[in-house]
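The values are calculated or read from the model by the stated rules, or taken from the named source; none is laboratory data. Since the structure is predicted, the reported quantities are computational estimates derived from the model, not experimental observations. Here Cβ is always computed from backbone atoms with ideal geometry, including for glycine, and neighbour counts include all displayed protein chains. Please note that ligands, DNA and RNA were not included when accessible areas were found on the heavy atoms of the full protein model with its side chains. Shrake-Rupley method; radii C 1.70, N 1.55, O 1.52, S 1.80 Å.
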Amino acid sequence: MRAGDWRRTALVGALLLGAGTSLAAQDDGLSFDGGQAVTVHQLGSQFGFPDPDDPDRLVVVFLDGVEVEQGTRHMLADTLVVVLRRGASAASDVEAPAGGTVFPGSRVLEFFVDGDVSLEDRDETILGASSIHVDNVTGRMSVLEGSWHLTAKDEPFIVRYELMRDLGNGVREMEGLQYTTCEYAHAHWALTTPWARIVPTPAGRVLHTGGNTFEVADVPLLWFPGLHLNVDRDRPPIKSVGFGTSRRFGTEISTLWGADADEFLTNLADSLGMDGPVRGAWEARLDNYSKRGVFVEPSLTYQGESSEGRVFFSYIHDTAEVDDLDVPVEDHTRGRFDLRHRTKIDEDRTVDVEFSHLSDPGYLREYYEDEARRGKEQETYVNYRDVHDNDAISVLGRWRLNGWQTQDEYLPEVVHRRMGEPVETPFGTAHLTRREFVSRARLASPDDTLDTGWNTRAGSVGDLVWDTDVLGDRVQVNTGWDVTGFEDTVDQGGIVRGALLAGAAWSRTYSGTGDAMSDVWNFHGVRQILEPRVGYDAVLEVNHQPDELIAIDQTETLRDRSAFLVGLRHRVQTHQRGAVATVLDTDVTVPFYPHEDRDNLVTVYDEVPPGSGTIVTTQEGRTVGPVRFDVRWRPGADIFGLRQASVTWRGEVDSHDRNLDRSFASYSNSFADNGRFLLANNKVDQAPAHSNFGTVGVAWDVSPKWTVAWFLQEDLVLHQTARQALVFRERAHRWLIDIELSERRGVSTVDGSREGERRVTLRMRPSVLVDQSESLLDELGRIR
């Protein structure tokens, strides 16, 4: 006998011995009213004999192929052994379909199927099991060496194990198992653990495991502790794995983990006497950088009946001596802590809390570069709001935790707002929006050079608006006030500032239709919409100018000003593919300043004398401001290069010298049914800044499994490559595997000599976690 057969025989014997002992105990102390009936369709022979150890039991054996049904279970196997309680009849007199045999549940004590067993039960499937034993008294089932297939959130979830016990009521215990979402017999990836238990809960089936090892192609890569995973709601805990190398960080191993935290959060809420349930999830980023150290970032998001938020922190013992901008790393223990929380007390009242602490000024730029460039300011505050209909009261406390930031502090600021309150006037019904406030504030700076000290301000600001429609013309007239008291000023002590505000706006819509028809241009009728508009906005009078006040925030910036804004919007629409489509959308605006020397001072840069290289700046007031254009064209025409094209142009023209100061133009389109490319130009030609960047990007699905994308951004002024990347993406059965080679030009804040950044990265992510609406070309535009 082969070694595998000895092992199998021993395990099967242990199963039967355990089952027999269990049944004996049941017979000694419990009554048996009968389990579920068993229906058998045999393909081969059968025989029966009395149990030599118990005269009250009868054993029936089916050989050479058998099909077994019990309730919702449907099994196929080579052999079936049924143990029956002796009675008037071992088998029912009722014939099963296709001539099978029905054993009544009151007679069946247990049964045992063996040999390449498969089982289907609702959305669960067991394949390739060696043996299955069912205890019909307790309802428990034991499975030897099989794979269990179930569906979780419309995704497959496969568990392969040495031994599984069904303990009834949906509870399963397993030993020596591997679980994955990969349906291949030889899984691309898997998590292995010595034991696991699945327990049904009202929120879904929860998987509890021992220590886990993450494997790719049977190669162990990472180990992490046991987990709790809701297989009906959660994804597998591994969300992303990446390998790479870069100048700044060296060799990188990056992982992102995450799973459901409902049970933990609900239990925590119960222990604190809070109402449940609470839903949420945890994530943990765990990276290793050979040049910097181990980076960890655990986070927890939560949402209850009245509260929601996110809390996270990150930490690294940074072994580098200088950071990315060659600034010395003085404290090698670096990190951050961030809390964002919201509680709705009731339908009207809300409390928001944010807490943000950073170890040093460079940490955010070094490890959260996108957030440092485009994210909101790091701040710490508590804000209470009470909003009822159009009436709102807010109380804000805001203070600076990071001593190196320049930031406004409020201890406190109380604001009352009332929006759109109808007011009867001699000129008809107007709508009043007003704000009353009091605040104790200061502007805090790192070295106290800009520190203003605490200053109390209180005031009232209002705006009264009349809206009317005269023969299709939309007319709006408004007047307002600003009365604010300041505890202290630059050199006058306490004052009260008063200001009178006014404004007006006019607009009208003209439209017309035509019979333009063209299959080539995909025009089926045409509609043109023209919307001219004129607006006027002014501070007619203010008794104290901003330079008399201690500048803390926008409260002090009110000054005499007036401006007209003239605009025109033109749209062209047609019917394409059964829907109205805007083919061309153009918007032009021009500001005019009646008091140009006061309201529109422009810095002029002149080389004096010409050719000397000496730049002299002067201030010049201009009546006409820059002309701004915004044009979007989506032709949808049946012409090569225009079928799925999108063209955008935004520009700003200096009305004085007719120079195109700023412009952005882009053209994107599809090609070869599976490809897309992008061309863009972003230009600034306004002293003292001059820049011109050209961008080209291409993404192409070369096969159903592979996509190639290339992105290049060129500095057309310095003739240097600013950013570029090449990515190969494989769709490897529910996983996206990206191989990325990227480069970004280095720019020092001191002398422009910072070394460029080069990266080589291998990144693996489950496809279900990737935003399918975002193309690979869009992802490349955000190269780190």
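Annotations for the structure displayed:
- Extension gain (nm, one decimal) between residue 533 and residue 450, 0.36 nm per residue minus Cα-Cα: 25.7 nm
- Nearest-ten-degree value, helix 262-271 long axis tilted from longest Cα axis of the chain: 80
- The stretch 364-493, relative contact order in percent, only Cα pairs under 8 angstrom and at least six apart counted: 16
- Contour excess over end-to-end distance, with Cα ends at residue 162 and residue 580 and 0.36 nm allotted per residue: 144.4 nm
- Spatially close Lys pairs in the chain, defined by Cα atoms under 24 Å apart and a spacing of eight or more places or different chains, total 4.
- The residue 343 and residue 551 beta-carbon pair, evaluated with R₀ = 35 Å, returns a calculated FRET efficiency of approximately 0.55.
- Ranked from largest, the principal axis spans of the Cα set of the stretch 543-666 equal 62, 45, 27 Å.
- Remark: the chain carries 51 Å² of accessible area per residue (probe radius 1.4 Å; ligands, DNA and RNA excluded).
- Theoretical gain in end-to-end length, residue 719 to residue 63 [0.36 nm per residue, Cα-Cα removed]: 228.1 nm
- Of the accessible area of the chain, computed with a 1.4 Å probe over protein heavy atoms only, carbon and sulfur atoms account for 56 percent.
- Residues of the stretch 662-706 with an amide N closer than 18 Å to a point placed 7 Å from the Cα of residue 649 along the Cα-to-Cβ direction: 662-669, 679-685, 693-695.
- Evaluated on the stretch 161-315, the Kirkwood hydrodynamic radius is 17.3 Å, with distances taken between all distinct Cα atoms.
- Rounded to 10°, Cα long-axis angle of helix 3-29 versus longest principal axis of the chain: 80
- Over the chain: Kirkwood hydrodynamic radius from C-alpha pairwise inverse distances, Å: 34.0
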